[in-house]
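Structure, as structure tokens:
The values are calculated or read from the model by the stated rules, or taken from the named source; none is laboratory data. Remember, predicted model here, so these are calculated numbers, not experimental data. Heads up, the Cβs are rebuilt from the backbone with ideal geometry, glycines too, and the neighbour counts pull from every protein chain shown.
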């Protein structure tokens, strides 16, 4: 009997509405090829246009609606010309991450075979690591306020929050992930020379947990030095764990060295599976190219592979990745960000065709 999965699909804004259909197309293709599971893809039209009509990015009971799904498949959030960025972020993406305890943001950084990245003398064998981002607190905790508005004495306060519970669980997840990988290496990134309370606190917890994982090699780096290391020595990295803000910035740099942000997937995980996890590309809504049909759907499709893996459909996940890699290696159907001239739909169809060939 085929396994059944309910997937909430939120295309969102900008190019999200263009790349998500291609991701769904690939998911249906792999479902057909593998044949022992069924994905119920149910779309929700939430985002900036919804906000302009209703004054909210999603319904008041959105989390209640979403909680019975197995996973969430998200496109992008944000249309700066229509709605301020802080409204879109705090109106949809962060409430889902926080409300469903998606405390791990998992972002693979991998230069696929067939692509030439921007780093001289660094190829696919050098750029293949994973970043783990703490996803529910830290610099994005939302604690703060403004007083004396509109006066010369106006003050804005934004406070980072680090709890032992949250820091420990994301670092422990990272140790467990590193233990499963061939290098068995975990690097923690902070700025503890400047943040003498929060980041020293993070460093102390990292050291405490390291004693429980003697089989995992550990390193600590400051975030500025790590930014340089992404460029100079990416081959030395395996699993990298950092706070919400630091990992957010570093993984955009990671997207650049893997060829394009259009290649960068992400998973917002509730590892205990008490709540649904959410999978998305990390490139955002890209309003400058929205509607042109040239957005790279590969990150969204790769995020679909991460989703299948999380659901336990490892064979399907691997076949999707093989379809992506084969398409990239052929080099005939690439979007402009990768030096090609193909459109969004063409890339989606090419990956589907590779999957059909794998199943034949």
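Condition check ((1) surrounded by fewer than 13 Cβ atoms within 10 Å (Cβ to Cβ); (2) in contact with a helix residue (DSSP H, G or I) (Cβ under 8 Å, 6 or more places away or on another chain)) across all residues:
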residue	(1), (2)
173	no, no
177	no, no
195	no, no
201	no, yes
214	yes, no
219	no, no
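Checked against (1) over 25 Å from residue 23 (Cβ atoms); (2) modelled with pLDDT of 95 or more, residue 84 passes all but a single condition, namely (2). The residues of the range 268-284 that are buried (at least 21 other Cβ atoms within 10 Å of the Cβ) and at pLDDT 95 or above, listed by number, are 268, 269, 276, 277, 278, 279, 280, 281. Being touching a residue at least 24 places away in the same chain (Cβ under 8 Å) and in a loop (DSSP other than H, G, I, E, B) is a property that does not hold for residue 151.
Just the residues that are under 16 Å from residue 229 (Cβ atoms) and crowded, with 18+ Cβ neighbours inside 10 Å, please, taken from the range 114-123.
Scanning the range 114-123 gives 117, 122.
Would the range 228-235 turn up any residue that is free of Cβ contacts under 8 Å to residues at least 60 places away in the same chain, part of a loop (DSSP other than H, G, I, E, B) and within 23 Å of the chain's Cα centre (by Cα)? Checked the range 228-235: at least one residue is free of Cβ contacts under 8 Å to residues at least 60 places away in the same chain, part of a loop (DSSP other than H, G, I, E, B) and within 23 Å of the chain's Cα centre (by Cα). Residue 267 passes every criterion in (1) in contact (Cβ under 8 Å) with a residue 40 or more places away in the chain; (2) under 16 Å from the mean Cα position of the chain (by Cα); (3) not in a strand (DSSP E or B) apart from (3). Apart from one condition, residue 113 fits all of (1) assigned to a strand (DSSP E or B); (2) over 30 Å from residue 48 (Cβ atoms); the exception is (1).
Every residue, every condition in (1) in contact (Cβ under 8 Å) with a residue 40 or more places away in the chain; (2) in a strand (DSSP E or B); (3) not assigned by TED's automatic domain parsing to the domain that holds residue 307, yes or no:
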{"residue": "33", "(1), (2), (3)": "yes, no, no"}
{"residue": "59", "(1), (2), (3)": "no, no, no"}
{"residue": "72", "(1), (2), (3)": "yes, yes, no"}
{"residue": "75", "(1), (2), (3)": "yes, yes, no"}
{"residue": "78", "(1), (2), (3)": "yes, no, no"}
{"residue": "87", "(1), (2), (3)": "no, no, no"}
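Can you confirm whether the range 178-187 contains a residue that is in a helix (DSSP H, G or I), more than 21 Å from residue 143 (Cα to Cα) and touching a strand residue (DSSP E or B) at 6+ places or on another chain (Cβ under 6 Å)? Yes, that holds for at least one residue.
Of the residues making up the range 35-47, those that are crowded, with 16+ Cβ neighbours inside 10 Å and free of Cβ contacts under 8 Å to residues at least 60 places away in the same chain number 5. Can you find a residue that is out of contact with any helix residue (DSSP H, G or I) (no Cβ under 9 Å at 6 or more places or on another chain), over 24 Å from residue 5 (Cβ atoms), in a helix (DSSP H, G or I) and touching a residue at least 60 places away in the same chain (Cβ under 8 Å) anywhere in the range 318-325? Within the range 318-325, not a single residue is out of contact with any helix residue (DSSP H, G or I) (no Cβ under 9 Å at 6 or more places or on another chain), over 24 Å from residue 5 (Cβ atoms), in a helix (DSSP H, G or I) and touching a residue at least 60 places away in the same chain (Cβ under 8 Å). Evaluate the following for residue 83: is it part of a loop (DSSP other than H, G, I, E, B), out of contact with any strand residue (DSSP E or B) (no Cβ under 9 Å at 6 or more places or on another chain) and surrounded by fewer than 22 Cβ atoms within 10 Å (Cβ to Cβ)? So residue 83 fits the description; yes.
With respect to residue 168, is the statement that it is surrounded by fewer than 21 Cβ atoms within 10 Å (Cβ to Cβ), in contact with a helix residue (DSSP H, G or I) (Cβ under 8 Å, 6 or more places away or on another chain), in a strand (DSSP E or B) and on the phi < 0 side of the Ramachandran plot true? Taking the combined requirement at face value, the residue does not satisfy it.
Considering (1) part of a helix (DSSP H, G or I); (2) touching a strand residue (DSSP E or B) at 6+ places or on another chain (Cβ under 9 Å); (3) modelled with pLDDT of 95 or more; (4) within 22 Å of residue 15 (Cβ to Cβ), the lone condition that residue 65 does not fulfil carries the number (4).
I need the full set of residues from the range 124-147 which are part of a strand (DSSP E or B) and either buried (at least 20 other Cβ atoms within 10 Å of the Cβ) or in contact with a helix residue (DSSP H, G or I) (Cβ under 9 Å, 6 or more places away or on another chain) (or both), in order please. Selection gives 128, 129, 130, 131, 132, 133, 134, 138, 139, 140, 141, 142. Among the residues of the range 291-302, just one is over 17 Å from residue 108 (Cβ atoms) and either assigned to a helix (DSSP H, G or I) or within 20 Å of the chain's Cα centre (by Cα) (or both), namely 295. Is it the case that some residue within the range 197-207 is free of Cβ contacts under 8 Å to residues at least 40 places away in the same chain, assigned to a loop (DSSP other than H, G, I, E, B) and within 24 Å of residue 137 (Cβ to Cβ)? So far as the range 197-207 goes, yes, one or more of its residues are free of Cβ contacts under 8 Å to residues at least 40 places away in the same chain, assigned to a loop (DSSP other than H, G, I, E, B) and within 24 Å of residue 137 (Cβ to Cβ).
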